[in-house]
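Notes to accompany the following structure.
The values are calculated or read from the model by the stated rules, or taken from the named source; none is laboratory data. Everything numeric in this text was worked out from a predicted model, so none of it was measured. Here the Cβ positions follow ideal geometry from the backbone for every residue, glycine too, while neighbour counts run over all protein chains shown. In case anyone asks, the SASA skips ligands and DNA or RNA and just uses the protein heavy atoms, side chains included. Shrake-Rupley method; radii C 1.70, N 1.55, O 1.52, S 1.80 Å.
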Amino acid sequence: TEFVGRVAAQNSAERTWLTAQLTKLGWRVIPSQTNFIFVDTGREAAPLADAARAAGIIIRAGAGWGFPTFLRISLGTHEQNEALIEVLKMNSH
């Protein structure tokens, strides 16, 4: 029970932080209570997923589900999420 509570609190904090960072990029984040975020980048998302993969971070582009401008991002640790944001910033132009 303690572990579940701790992980739920960590996920909530990281979801809030990551949502704020993605919003700063001008992207639309779909509200979520899960352990992942679905975000509309406003452009083809596959190159962003490829850039993240090249940096050792696996996220999924939404084209396979009919959402080519979306990314599905599972929540990680704060350090992992920071690394992801840096990759996305470098490749969002």
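Express the carbon and sulfur contribution to the solvent-accessible surface of the chain as a percent, rounded to the nearest whole number, probe 1.4 angstrom.
Ligands and nucleic acids excluded, carbon and sulfur reach 57 percent.
Tell me, what ³J(HN,Hα) does each residue in segment 59-68 have, in order and in whole Hz, if you take phi through Karplus 6.51 cos²θ - 1.76 cosθ + 1.60 with θ = phi - 60° and put x for Gly and Pro?
Residue by residue, segment 59-68 yields 10, 10, 7, x, 4, x, 9, x, 10, x Hz.
Return the single residue from Ala13, Ala49, Ala61 with maximal mean-square fluctuation; model: Gaussian network over the chain, springs between Cα atoms under 10 Å.
The residue that fluctuates most here is Ala13.
Pick out which of Thr19, Thr41, Thr77 has the largest mean-square fluctuation in a Gaussian network model of the chain, springs linking Cα atoms closer than 10 Å.
In this elastic network of the chain, the residue with the biggest mean-square fluctuation among Thr19, Thr41, Thr77 is Thr77.
Which value in nm describes the separation of the simple spin-label points at Thr16 and Gln33, placed 7 Å from the Cα toward the beta carbon?
Calculated label separation equals 1.6 nm.
Rounded, prolate or oblate: which fits segment 12-93 when a ≥ b ≥ c are the square roots of the eigenvalues of the alpha-carbon gyration tensor, with rounded for a/c under 1.5 and prolate only if a/b beats b/c?
Values: a/c = 1.40, a/b = 1.14, b/c = 1.23.
In terms of gyration-tensor shape, rounded.
Angle, helix 78-91 long axis vs. longest principal axis of the chain, Cα atoms, 0 to 90°, nearest 10?
The angle comes out near 10 degrees.
Any idea what angle helix 2-24 forms with the longest principal axis of the chain, computed on alpha-carbon atoms, 0 to 90 degrees, nearest 10?
With both axes taken from Cα atoms, the answer is about 30 degrees.
Given R₀ = 25 Å, FRET efficiency for Asp40-Val7 by Cβ-Cβ distance, to 0.05?
E between Asp40 and Val7, to the nearest 0.05, is 0.40.
Loop only per DSSP, at most 15 neighbouring Cβ atoms within 10 Å: give me the GluC sites (Glu not before Pro) in segment 1-77, ordered by residue number.
Here the GluC sites (Glu not before Pro) that fit, given the DSSP loop and packing criteria, are Glu44.
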